[in-house]
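Since every read-out is calculated from the coordinates, none of them should be taken as a lab result. Note that this is a predicted model, so its numbers are computed, not measured. Glycine also receives a Cβ, built like all others from the backbone with ideal geometry; neighbour counts cover every protein chain displayed.
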Amino acid sequence: MKKIAVVILFFLINSMVFASGGFDHLLPEEYSPDEFPLVLRDIRRAQIILAGSYPFSVLFARIGLDLYDFTANGFDTRFAPAMFGGSATVDRSSADVNKVLLTALGISIGVATLDFFIGKAKARGKRNNANQQTVQSRQSQPAGNTDR
């Protein structure tokens, strides 16, 4: 009996949702392009890129530290990176972990900064192209009516 009640309730809820047009009225409206200053949009983009690149930066920093330890210890197989067939039992001190995390943070900041400068260069290039097209269109227009 409970199973039948659950099935009926499921279909009733679904029919009410689809009959009312779904949840479209609950979606927030999109921001207008002039709602936030350009600086805040740039900061938000940098924050997203920094947070998104951090896990990959941690991975690469850890691989780099493992390879450094492997070469610094005379290619001893005990210090070979685990992903290259070495032992995963090498104990890391908290200083090593801090090195990896801070190095990864620096790499992520570098990636976000590089993205910022690339974005500014692209925007400058678009503005220059738009200005050149405006100048070319003005030069190609006839001089107008000089008869008076």
Completion exercise
With +1 at each Lys and Arg Cβ and -1 at each Asp and Glu Cβ, the charge dipole magnitude of the stretch 54-121 around its Cα centre, to the nearest 20 debye, comes out at 160 debye
Fill in the blank from the handout: 1/(1 + (r/R0)^6) with r = Cβ-Cβ of Lys126 and Ile13, R0 = 41 Å, i.e. FRET efficiency to nearest 0.05, evaluates to 0.25
Completion exercise
Neighbours of Ala51 by Cβ distance under 13 Å: Lys/Arg at +1, Asp/Glu at -1, summed charge +1
Handout entry: Furthest towards positive pole of dipole, Met83, Val58, Leu38, structure part the stretch 31-148, Cβ charges
Key = Leu38
Handout entry: the chain: translational diffusion in µm²/s, Stokes-Einstein, Kirkwood Rh over Cα pairs, 25 °C, 0.890 mPa s
Key = 109 µm²/s
Handout entry: Average projected area [Cα convex hull, the stretch 54-121], square nanometres
Key = 5.2 nm²
Fill in the blank from the handout: Under a Gaussian network model of the chain whose springs join Cα atoms within less than 10 Å, the largest fluctuation of Ala130, Ala46, Ala104 belongs to Ala130
Practice task
Report the longest stretch of the chain that contains none of the chymotrypsin sites (Phe, Trp or Tyr not before Pro) sitting in a DSSP loop with at most 16 other Cβ atoms within 10 Å.
Solution key: 76-148
